[in-house]
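Encoded as structure tokens, the structure appears first; notes follow it.
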There are 2 protein chains.
Amino acid sequence: MKFAVTVTLKKDVLDPQGKVVQDTLANLGMKSLKNIRQGKFFEIEIEERNQLKAEELINEMCKKLLVNLIIEDYKINKL
Amino acid sequence: MKFAVTVTLKKDVLDPQGKVVQDTLANLGMKSLKNIRQGKFFEIEIEERNQLKAEELINEMCKKLLVNLIIEDYKINKL
């Protein structure tokens, strides 16, 4: 079973990397750009046929390693 | 208008960062983990009401800065 996990910074957390990308795009002439924030993306494949169990495993991975819950949010989607 | 852009390494490109994450998760006892690949995620907000034009702009941003088309693929989703 394959899942996609997107990890984003929480709304009030500064995103310096995204800011640099935003400024660079503005310098490239993208005037209608309003805001850009960067996050992480994981494509995870696990051997587990039960979807509920699989999602629980992915959740555990996120909490143990992939996501810093103090400053980040995450979303899990089945692929 | 808000868009999500996910950038992933092409299938045959090595992903050393993903490999480290995979090994670490395996060491944490995640035995059913089969494969994990890491990518980038962007949340982009632009001032453009025409969806076609907006998507074209996002496409241009990807090609000019966000994505290395030689080794990466990308997907655009409207939020």
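Taken together, the values in this text are just the output of simple stated rules run on the coordinates, not laboratory data. Since this is a predicted model, take the numbers as computed values, not measurements. Cβ atoms come from the backbone with ideal geometry, glycine included; neighbour counts cover every protein chain shown.
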- Message: Highest mean first, how do B:10-17, B:46-53, A:5-12 rank when packing is the count of other Cβ atoms within 10 Å averaged over residues?
- Response: A:5-12, B:46-53, B:10-17
- Message: I need to check one value: relative contact order of chain A, counting alpha carbon pairs closer than 8 Å and at least 6 residues apart, in percent.
- Response: 55 percent
- Item | Label distances, nm, residue B:35 versus same residue in remaining copies, Cβ-directed 7 Å point | 3.6
- Select the chain B residue whose beta carbon lies nearest to the rotation axis carrying chain B onto chain A, and write the distance in whole Å. B:41, 2
- Query: In the P(r) worked out for the range B:2-78, what percent of Cα pairs fall beyond 15 Å?
  - Reply: 61 percent
- Using a 7 Å Cα-to-Cβ projection, residue B:12 label spacings across copies, nm, ascending: 4.9
- Query: Going down the list A:40/B:78; A:53/B:2; A:10/B:78, which pairs span over 22 Å between their C-alpha atoms?
  - Reply: A:53/B:2
- Estimated vicinal HN-Hα couplings, Hz - the range A:10-20 in sequence order (Karplus 6.51, -1.76, 1.60; Gly, Pro = x): 4, 3, 8, 8, 5, 10, x, 5, x, 4, 4
- Query: Other chains' Cβ within 10 Å of B:52-58 residues: what's the mean?
  - Reply: 1
- Label-to-label distances across copies for residue A:70, with labels 7 Å out along Cα→Cβ, in nm, shortest first? 3.9
